[in-house]
Structure formats: C-alpha cells, structure tokens
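First comes the structure, then the notes that go with it.
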Amino acid sequence: MKNLFALVLVAFSLTVSAQKNKAPKMAPVLAEGYYVGTKGDTVRGMVQTNPEFEVDMYKQFSFKPDKGGKVMPVNPKRATAYGYDGKHFILYNYGGEDVYIERLTSGRLNFFEYRLNGKVDGYTAVVSEYFAQDNRAEGEDIKLKELTKISNKFYKKDLKPFMKDQLMIWTDLDKFTFEKQTVVNAIIEFNKYYIISAN
C-alpha cells in the first residue's frame, strides 16, 4: 500500500511540474455569427465571444466556419466587418491602424464604440471611445457623414450638430455625465422619427 501511495505521489508531482509553465486558458465560447470578407462575401460560422483580453475583439476575432475546421484568428486584412448575438463590428482606420468598432445604433444616426487599453485616474484600464455618423448629412453638414469622434467629457456639445433636427431629444441629455446607454437610447429615439417619416 505504501508503494502504491508513493507511486501516485511521484506521478502527481511529475504532472504538476510538467504543466507548471503552461498558463491556464479558457475554452473558447462560440456564438453563431458571420464576417464579411474583403471582396464582399459573407462567411457564416461561429465567432469566439471570450477572447483572452477583452480589447482583442477590436483588433481581430476568432472564427470557426460552418463548413468545418478549427477556430482561427481573422484580422482586418481578411474581414471588413463581423458580428454575433446582435453585435455588429465594422472596420475603421483609427490613427493609422485598422481596428473594428462596434455599431451601437443604426439608422439616420449611427453611434459606435471602440474599446482599448488606457488609463483611468492613473491606473491601467479598458476605456471606450465613441464615434457618430449622420447617413443623411448634406450641404454644409456633409462632414457629418464621416465618422466623428465624440468626447466623453463634452459629448453633449459634440452631439448637437448630429441631433439639431430633434433638439428636444438632445436637450434631455445630461450636460455633465456621459452614460452610454442613455446616449444610445436618445439616438434610437432620434432615429425612430426618421423611420416613421419615411413611411
């Protein structure tokens, strides 16, 4: 019995020491999704929703095609957009780097979020940057058709040119505190007017 116990102890020690250098990784969690290739082709399959680092999904994503195969990384050289579970990401050149930004609203006004590593109160943290776009901008407002960065601090001032046709919705936004879901809800409300008026 002592020999058996000693053998199990030695086997356990060897197993632990052999795996000591390997960092544990979570198994990929996959959701039905798609990506749009650089030639406009849509590929259906499964998107990994739990990357090792949260901000990785804004640089590349992992994908398993419906036709079979294993989970492989897909970067901006292969895909211009991707999505899963009601989330949609588009390719955007930000500061000279191709990244994916998440579309939070769509309609006349599109609102996007880009998450990256940054600093909050001097500490490393994941921070968000936001962008707006007016699909119907024309004339002197034509620049609003381009993605425009919205400051977290002065977001209400930055959103005014986009929402000037519905100032009542814009006025209800808090001047001092940016709250993502409140802004998303306001833009959804703004876009509803243009769906109704188009019918």
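Just so you know, all these numbers are worked out from the coordinates, no wet-lab data involved. All values derive from a computational prediction rather than experimental measurement. Note that we place each Cβ from the backbone using ideal geometry, even for glycine, and neighbour counts take in every protein chain shown.
Estimated at 0.36 nm per residue, the fully extended path between Asp174 and Glu189 surpasses their Cα-Cα distance by 3.8 nm. Each Lys and Arg contributes +1 and each Asp and Glu -1, all at the Cβ; summed about the Cα centre of region 65-199, the dipole is approximately 240 debye. Counting only Cβ charges, +1 for Lys and Arg and -1 for Asp and Glu, the dipole size of region 26-89 around its Cα centre is about 300 debye.
Here the calculated FRET efficiency for Lys70 and Thr42, from their Cβ-Cβ distance with R0 = 25 Å, stands at 0.75, rounded to the nearest 0.05.
Ordering of 86-92, 121-127, 27-33 by packing is 86-92, 27-33, 121-127, highest average first (other Cβ atoms within 10 Å, averaged per residue).
Scalar couplings 3J(HN,Hα) for region 61-77, obtained by applying the Karplus form with A = 6.51, B = -1.76, C = 1.60 to θ = phi - 60°, are 9, 9, 9, 10, x, 4, 6, x, x, 10, 5, 10, x, 10, 10, x, 6 Hz; x denotes Gly and Pro. Orientation-averaged projection of region 106-199 equals 6.5 nm² [convex hull of Cα atoms, one quarter of hull surface area]. Within the shell defined by Cβ-Cβ distances under 15 Å, the residues around Met46 carry a net charge of +2, with Lys and Arg each +1 and Asp and Glu each -1. Using bins of 10 Å that start at zero, the share of Cα-Cα pairs per bin across the chain amounts to 8, 26, 27, 20, 9, 5, 4, 2, 0, in whole %. Eigenvalues of the alpha-carbon gyration tensor of region 26-89, scaled by 5 and square-rooted, set the equivalent ellipsoid semi-axes at 16, 14, 11 angstrom, largest first. Can you work out the FRET efficiency for the pair Arg136 and Lys77, with r the C-beta to C-beta distance and R0 = 35 Å, to the nearest 0.05? Between Arg136 and Lys77 the formula returns 0.65. Spin-label pair Glu129-Ser106: with each label point 7 Å from Cα along the Cα-Cβ axis, the two points sit 2.4 nm from one another.
Ordering 164-173, 181-190 by mean Cβ neighbour count within 10 Å, with the highest value first, yields 181-190, 164-173. Helix-only arithmetic for the chain: the sum of -39500 (n - 2.57) across DSSP H runs with n ≥ 4, divided by the residue total, places the mean residue ellipticity at 222 nm at -8000 deg cm²/dmol.
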